[in-house]
Structure formats: structure tokens, C-alpha cells
Amino acid sequence: MKLAMAVLGLLLTASIIGARDIEDALKAARRMCVNDSLPQALTMLEEEVKGEWKEQEKFLLHLEKADILLYHAGLPRKAYKVYTMLTRLTLPKDKEARLYYCLGLGLERSEEFRRAARSYEKVITEYPDSPFYEGALSAIERCFLKNYQMKAAEVDDYPITELELEEIASKKLSPSEQEHVSTPEGRKELTDRIIYERLLKLAAAQEFAPIESTEVRIKLRCGTCRPKRVLIPGHLSDADLAYQIKKATSGVLLKELYQKEVLDKIEITEKDKKRYYKENQKRFIQHAKYTIREIVTDSTMLDSALAALDAGIPFDSVAKLYSTASTKIRGGLLSPRPLHTFSQSMQPVIENLGVDSVSEPYETERGWEILLLEDKTEETRTPYEEAKPSIEELLRREEIDELSEEALERFRENADLDSISSADTLARVAGKVILNADLDAYIATMPLGTPEQAEDTLFRKQALQQLIGEMVFDHELAQQRFYLSDSLSAITESKRIQLLVDAFLHKEVDSKAEPTAEEIAAYYKEHKKEFWRPAQVRLREILVSSADTAKMIYHLLQEGAGFDSLAKVLSEAETGSRSGYVGYIKKDQSDKPYERQAFRLKEGKFSKPIQTDEGYWLITVEKKNEGYQRSLEESQAQIRSILYREKKQKAEQELKGRLMAAARIVYFLDEQEPSFKVTPEETAPADEEE
């Protein structure tokens, strides 16, 4: 601890001495936040304020301190006190809206909703042209929900208003749920749901509360500097959870960084597109395309196929009946394509065919083939107007690659990236040295194929580059201060809270729901009958209305025609479009009129015509499974899932009861009429209701 404090004091002194202008001081503080040196950043700013700065520069130092307390340290109450102090000073004109917006956010996160609303209102009314206007509008709506006079309930003095119920009902519930919520019982259930969500957030925040802040006394290594008492903000007790939160929030901010530094800078002019079209004309040539149908068969069926074609039966029907190629289900159709993409044996045959003409049979490795040229399109060049969207996309990708490289190089320079080759020191990013121990800790968070992978030299190099990249981006995000965006701030805060709640539920519910081997065995013994599997068969079927047609199909099947091909062409059942495929039916659990015959048939056999009220059925059994009793081992996964759901539901109900019993909850549902009546037929837009 003493060594850590000595290092902190040394770094703090160096930071103060090194800050030459106000921007250097502010960037240094942000860099310290990235390097997990919040106390150093806060103390440096306090010391800098005592220096010979202009009033406006001192204002910026105080403002940076408040931002760190709010966004990095997670101490909104301490932050809004600093913001409030700054409102009493003479404010720089370009910082007034930002100050009142941040003050509102600090108050809102401290659940001082009325005061927060007044601060947001000042931004809206006095600074309508500021970049914080839209954010203040969104924020004041959130506060308005909490400041609404008609309350549905209070949880430990935290208000849940009728307007909140209305907001959730109109925007997040289905029509049937909305109708239910308009009843007294539904209102009570929705109110309890909101209360439970509130208590879950509080319980999760308490369970994973940061380790208590520590106040230390640092003696600075400069002659005129007095010893300083520094409050070190706490950090999450669960390191893995802290890392998940950091990754989730960084992901949101990185998307915004990519949008700002890459996507928003893309400029593609009409001139650029025309120049590309002129310089790359070969890319826009459309080769002649041939639409072909094929019949592939063996010598035993070739004569039957040719006879069918000579009899005038359509080519696609003959292909479905006699072809052995996979294209038979499409009537032998091959998708339109250039000549060179067909097989070598097909190309000369296709070249000599006219549209709608059929080739003579020719022998290949696949058997005997017959081709029909159904259509042919001539070679063309895509007109510029048609090619323009694809050209724009190509140019856009090129520009994205170029802008991304430029941005990455700029970010590296901003972070003062320095590769160091020594025994233990690997690199320096934003003033922070990366040691082998840091790389080991980073690799520990990564999924590994084998434990030995962590020691693989190539893998460690890749992991180091990934770690450096994350640190470079973290530094850039801190300098860009995207947290000042209301929408981004709301999203990142929501993700942080959700991850805390998920971790809390995993500990209190999921971990207690896992069934034991004894529980699984007991459930199997008690419900053994449920794990009996009846006999089942997998079928295809053909239905025709004529006895003569049924006899003809039966004769064709005896000659070797494919059941699925005949079903596709001749079946009148809805399964005809699926080549007669029915799937599995279970014994004594089917409504098929031919069930008795189906279970008598052997696997791979087909039936004689079966007369029913619907017509004449022919069926074939593709697969047959006898009935059997599933063992405990076979049923274990299913039983585990059943018991897990039951135990999880019970554990969550117990948790909900425990949290709500420990809270002081006051309902106002019986004291007033509901402020809304939502039904599926009458749902007013949210803006009209407000």
C-alpha cells in the first residue's frame, strides 16, 4: 500500500509539473481516468486550480473534475455539488448549456428529479441552439414521469407515478396486456412489476457495490506542495463483472466513434462514380446466360424417358419422373448462368441448341443426359444508372478502409503508443506501461482452446496487439467525451444496470435452480410413464380420386418409378408440393386413415391403393422405429430442463417475496381513479396523452 501511494504521489507531481496549458491538463486528467488512476486525476485537478490560471481556465478544471466524479467515479452526488458551485461563478458563454445539462444529469442520477427537471428546463428555454438541447428534452421527459403528482405507489419514498404506468402500458405491452392493465387487477400487477424491477436494481447495486472508498494522505515531491488528502473511489468487488460492464459500455461508444470518425466523413460524388464506371467497364459486362433443364438417367430408364418426351409430356414432368439428378425436384431446372460455368461435357451441347429445343441423349460419368434450352439472354453491358448503386457501395467500402486506417493511426499518435522490447515491459499506451503480468491477466479473460495456448508465442503477440488496441480506443473515447450525449449516456447506464441485475439473478436464482442427480432420478421414477416412446413411422403419401389412376401409379411403382416423383406430379393431397412427405406419425396418435396399414408395412415398401372417403391413398414407409422405454440416462437432459424451470421459478418467487417484504411499499391504487384506460381498440399516441 505504501509503495502504491508513493508511486501515486510521484506520478501526481510529474503530471502537475508537465501540464503547460489548460488542454494539456485536461487531457492528462482524462488519460489518468483511462489508466484507472481516478484519485490521481482528481487530485491533479485540485492542485492545478491553485495555479496561475485565468478564471475561465479554472472553471474548465472544476468542470473536468465534476465530469470525472459523474461519469468515471460514479459519484453523482459529489458531482452535482461541484456543478452547483460552478453555477455561482461567471460562466463562459459556450459552457453554460453544458454545465446545466450535466448538473441535471447528476441530480437525476441522484434521484433528485424535481431539481434535475429545473436544470434541464433551463437548457431548453435559454439555450435552444446548443448541442445539449435535444438531450435535455429527452431527460426532462424522464424526470416528468417521476414528478407527476398522481402516484401509483412509493418504494422507500421512491415514487412510481401513474404516468409511468401509462408510458409502459402504451409502449411496451401487447394489445391483450394493455387491456388487462386497464383493470384494477392489471394495474396492481404492473405496479408490482415496476416495484420488483426497482428493488432488483437496488439489491444488485448493493450486492456488487464498489469496495469502500479509501482516503489517503499523500506527500507530494515538490518543495511548495503541501500534503494532500485524496479520496480513492471504490471499484467493483467482482472483477469479471467490472470487465463485462466495461466491454458493454465501450461497445456502444465505439460504434459512435466509428460513426463520427469514419462513416460521417464518407463523401462520394457523382463525378467519382462516373470515373469508376469509365475505368472499370469490364466489370459491368453481363455475359450471355442460358436457362437449362436436364434429365439424367441410366440406360434402363432412358427409353421410357425418351418415349415420354415423344408422347408430348412436358420436359419438367419427365425430369421429375425419370431423372436421378438432384434437380429433379425442380423439373431439372438449372439456374440461368453463363456458358463457361456449365460442365465441360454440357458446354458444346448447349452451344448447338436453339431456344426450346431438346438435345439428343449423350453419355457422361453421371449417366445419360438430355438437355432443354429453355431461354437465352444475349451479352449486354449494365447501363450506368443501373450500376450506380453497386459502384457507390464499392467506393464506399474503399473509403471506409482508407478512413479507418487514418483514424487508427491518429488514435495511436494521440495515445503516444510506444512499443518497448525488454524482459518484462511490452509497450506503453497513454503513459501506462504494459507488463507481462498485465498481458497474463488479459489473456485470462479470453476463451482458450487449451491451457497451453496462453504460453504460445504467436498467440501472446496477437493478444498483446488486441490489448493495445483496446487501450488506444479507451484513450480516444475518454478524450472524445461521448458520455456528454444524453442518448449514449442513457444506453450505457442501462447496460450497466442490466448487467448488474443479470449477475445478481444468476447468483440468487440461476445458481440455486440447478437440479441434483438425486432430484433427477426421483423425478424419473415418479414420471416413468412419460418417457415411453410409442412406435412411429416416417411416411410419404399419394392421394388420387380415381381408382384407375391409383392402379396406374401402383403399376409405375412396381416398375421402379420414384414414389416422391409420382407424388410431386400426381398427388392431390397438400403434401404433393413436398413430394408426398408426411414425416413421422406415432402409433395410436395419428388421424391418418391409413395408420393401420402404415404400421404393417415394412421399411422401404409401398402399399396397394387404400380406398377411403377422401379417395385412394398409396403410402410408402421410409423409416420405422419400434416403441421403447427411454432410460434415465436418455431422459436426463429433458428432466434437468423441467426441474430447472420449476426450481428457477420457485427461487425467483422467493426472491421477489423477500425483497418486497423488506421494502416499505405504499400503494395509492385505491385512492384515485386510474389516469389511463388502455384498450386494443383505443390507444392514444404517447405525445397526445402528454
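Does region 644-657 contain any residue that is modelled with pLDDT of 90 or more, buried (at least 16 other Cβ atoms within 10 Å of the Cβ) and under 25 Å from Ala535 (Cα atoms)? No: zero hits. Each residue in region 114-128 was checked for being closer than 22 Å to Ser494 by Cα, buried (at least 18 other Cβ atoms within 10 Å of the Cβ) and of a type outside the set (Ser, Thr, Tyr), and 2 pass. The residues in region 49-66 that are part of a helix (DSSP H, G or I), among the basic types (Lys, Arg) and more than 15 Å from Arg481 (Cβ to Cβ) can be counted, and the count is 1.
Go over the candidates Ala521, Ala503 one by one and state the one that is surrounded by 13 or more Cβ atoms within 10 Å (Cβ to Cβ) and over 35 Å from the mean Cα position of the chain (by Cα). Step by step, each of Ala521, Ala503 is checked, and only Ala521 is surrounded by 13 or more Cβ atoms within 10 Å (Cβ to Cβ) and over 35 Å from the mean Cα position of the chain (by Cα). For region 294-317, the count of residues that are among the hydroxyl-bearing types (Ser, Thr, Tyr) and either assigned to a loop (DSSP other than H, G, I, E, B) or on the phi > 0 side of the Ramachandran plot (or both) is zero. Applying the set (1) modelled with pLDDT of 90 or more; (2) more than 29 Å from the chain's Cα centre (by Cα) to Lys146 leaves exactly one unmet item: (1). Taken over region 433-474, the criterion of being in contact with a strand residue (DSSP E or B) (Cβ under 7 Å, 6 or more places away or on another chain) and assigned to a helix (DSSP H, G or I) is satisfied by Asn436, Leu439, Leu464, Leu467, Ile468, Met471, Val472.
When residues in region 47-60 are screened for being in contact with a Leu (Cβ under 8 Å, 6 or more places away or on another chain), farther than 16 Å from Leu103 by Cα and either without any contact (Cβ under 8 Å) to a residue 24 or more places away in the chain or not aromatic (Phe, Trp, Tyr) (or both), 4 of them pass.
In region 401-426, the residue that is nearest to Leu464 (Cα to Cα) out of those that are among the aliphatic types (A, V, I, L, M) and surrounded by 17 or more Cβ atoms within 10 Å (Cβ to Cβ) is Leu426.
Going by the conditions given, is Ser317 surrounded by fewer than 19 Cβ atoms within 10 Å (Cβ to Cβ), among the polar types (S, T, N, Q) and either within 22 Å of Ser579 (Cβ to Cβ) or at pLDDT 95 or above (or both)? Here the answer is yes, as Ser317 does meet what is asked.
The residue that is nearest to Ser250 (Cα to Cα), counting only those in region 64-75 that are buried (at least 20 other Cβ atoms within 10 Å of the Cβ) and out of contact with any Cys (no Cβ under 8 Å at 6 or more places or on another chain), is Tyr71.
So which residues in region 322-351 are farther than 17 Å from Leu302 by Cβ and among the hydrophobic types (A, V, I, L, M, F, W, C), if there are any at all? Correct list: Ile329, Leu333, Leu334, Leu339, Phe342, Met346, Ile350. Take the residues of region 485-518 that are touching a helix residue (DSSP H, G or I) at 6+ places or on another chain (Cβ under 6 Å) and acidic (Asp, Glu): which is nearest to Lys648 (Cα to Cα)? Selected residue: Glu508.
Exactly one residue out of Lys93, Lys188, Lys122 is among the charged types (D, E, K, R) and more than 25 Å from Ala66 (Cα to Cα), and it is Lys188.
The values are calculated or read from the model by the stated rules, or taken from the named source; none is laboratory data. Treat the numbers as computed from the prediction; the structure is a model and nothing was measured. Positions of Cβ are generated from backbone atoms using ideal geometry, with glycine treated the same way; all protein chains shown enter the neighbour counts.
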